[in-house]
Amino acid sequence: MTELSMPAGPDEVTPEWLTQALRSTGTISRAKIVASQSERLGVGQGFVGQVYRFTLEYGTPEDSSPRSLVAKLSSPDPDLRALTFALNQTELHFYQEIAPQVQLPTPRLYYGAVDPDSSKSILLLEDISNAKVGDNVAGCSTEEARLAFQQIGGFHAQWWDNTGVDGLSWLRPVSGLPLFDPESYQHRWGMFTEKFGGQLPTPLGEVAEEFGNHAGHIGDRLMGRRTTMIHGDYRLDNLFFGHLGTGSALTVFDWQVPAKGPGPVDIAYFTAFCLEPEHRRREEMDLLKGYHDCLVENGVREYEFDQCRQDYRLSMFFPMARLVTAGAILDFSSARGRSLISALIERVNAAVADHRLGELLA
């Protein structure tokens, strides 16, 4: 597997290379890919690499031969590639070590490799083509949000207070993420305001700026709560919703930033990023109660709903800080990217106001 060359871009993911990669993991044995067509995915969705769907043509296919797959390649920009290498390495660890253990549906990994010398990486993943990808700009229905919380609740319950999480050297605590490092956050806050300062409403602008003086403390407070393994980027653009009678009801992908932290971090991130403010206000407590019920049904004990609600409020700092850090380093210049960043600023601002996050910094 490590003897294969590392593609820098889609043009180097040739039929010959794909054949070798899939044979090296036993995905295919005798089949040979003779042609492939690629299409770019995820433009304007904030991806930090290159994501392509490859449609495959075989000379002699086998029953196990995937007819298409999704390739995630590292960024062509050497600086961004070096910056995100640890994320790509973490995602490979997740698919190799964690995905086989959990009931939460994730894409099948056909092949994965990273190269520390060049910071290049590639994942070949199952193409969930019979499902609808979520849309962070458009939002979702209450039923879809409820399904998303039910699925991630079962995942959280499996790793709740699980000491096995501590043995994963590649899984960082949320307090160890750059968004809770004061120096890193303040640097990215400056970059963020250069790009979007003119769009920042109150109270988001004020609270996000002051957060830089409290980032480490908030991270430590989060790690003082009951912890589990969180997805870390649990939003609609990273979810596939299945159609009735076709496969899983929900498939979760993009596992670059899983972390150890309170489960409500994923819930706060989803509601603040994915739901229009009025929708969130109307439904968030019922959705949070459903999430808590799911934890209890899956064996979590001595975690009352009131504690879950308090953790949820504190966790609202996570989407706010992620908005700042992602906005600072990612390219949102496409039409879809501009729509996404505008929606996130509006939604996060409303969540900051509604949950009175400024009071938690006093």
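Within segment 194-212, the residues that satisfy the criterion of being out of contact with any Leu (no Cβ under 7 Å at 6 or more places or on another chain) and either more than 23 Å from Ser175 (Cα to Cα) or among the hydrophobic types (A, V, I, L, M, F, W, C) (or both) are Glu194, Lys195, Phe196, Gly197, Gly198, Gln199, Leu200, Pro201, Thr202, Pro203, Leu204, Ala208.
To keep it simple, each residue is scored yes or no on (1) part of a helix (DSSP H, G or I); (2) among the β-branched types (Val, Ile, Thr).
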| site | (1), (2) |
| --- | --- |
| Arg313 | yes, no |
| Thr325 | yes, yes |
| Phe332 | no, no |
| Ala343 | yes, no |
| Arg347 | yes, no |
| Ala350 | yes, no |
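When Pro203 is tested against the conditions (1) more than 21 Å from Thr106 (Cα to Cα); (2) in contact with a Cys (Cβ under 8 Å, 6 or more places away or on another chain), the lone failure is (2).
Taking segment 275-324 as the range and being of a type in the set (Ser, Thr, Tyr) and buried (at least 22 other Cβ atoms within 10 Å of the Cβ) as the test, the residues that pass are Tyr291, Tyr312, Ser315. Entry remark, segment 196-212: residues being touching a residue at least 60 places away in the same chain (Cβ under 8 Å) and either closer than 15 Å to Leu360 by Cβ or aromatic (Phe, Trp, Tyr) (or both) number 8 in total.
A Cβ distance below 9 Å, combined with a sequence gap of six or more or placement on separate chains, defines the contacts here; from segment 219-234, residues that are farther than 13 Å from Ala259 by Cα and modelled with pLDDT of 95 or more reach residues that are of a type in the set (Gly, Ala, Ser) and part of a strand (DSSP E or B) in the pairs Arg225/Gly261. Of the residues in segment 342-360, at least one is free of Cβ contacts under 8 Å to residues at least 12 places away in the same chain, at positive phi and surrounded by fewer than 22 Cβ atoms within 10 Å (Cβ to Cβ).
Restricting Trp189, Trp255 to residues that are within 28 Å of Gln96 (Cα to Cα) and either in contact with a helix residue (DSSP H, G or I) (Cβ under 7 Å, 6 or more places away or on another chain) or part of a loop (DSSP other than H, G, I, E, B) (or both) narrows the list to Trp255. If you filter segment 129-150 down to residues that are aliphatic (A, V, I, L, M) and modelled with pLDDT of 95 or more, you find that the one that is farthest from Ser339 (Cα to Cα) is Leu147.
Select from segment 210-228 the residues that are within 18 Å of Gln307 (Cβ to Cβ) and either among the charged types (D, E, K, R) or assigned to a loop (DSSP other than H, G, I, E, B) (or both) and list them in ascending order. Within segment 210-228, Asp220, Arg221, Gly224, Arg225, Arg226, Thr227 meet the criteria. In the set (1) in a loop (DSSP other than H, G, I, E, B); (2) in the same structural domain as Asn238 (by TED's automatic domain parsing), the condition left unmet by Pro76 is number (2).
For segment 49-68, indicate whether the set of residues that are crowded, with 19+ Cβ neighbours inside 10 Å, under 28 Å from Thr228 (Cβ atoms), touching a residue at least 12 places away in the same chain (Cβ under 8 Å) and of a type in the set (Phe, Trp, Tyr) is non-empty. No, segment 49-68 contains no residue that is crowded, with 19+ Cβ neighbours inside 10 Å, under 28 Å from Thr228 (Cβ atoms), touching a residue at least 12 places away in the same chain (Cβ under 8 Å) and of a type in the set (Phe, Trp, Tyr).
The values are calculated or read from the model by the stated rules, or taken from the named source; none is laboratory data. Just so it is clear, the structure is predicted and the values come from calculations on it, not from any experiment. When we count neighbours, we look across all protein chains shown, and the Cβ atoms used for this are built from the backbone with ideal geometry, even at glycine.
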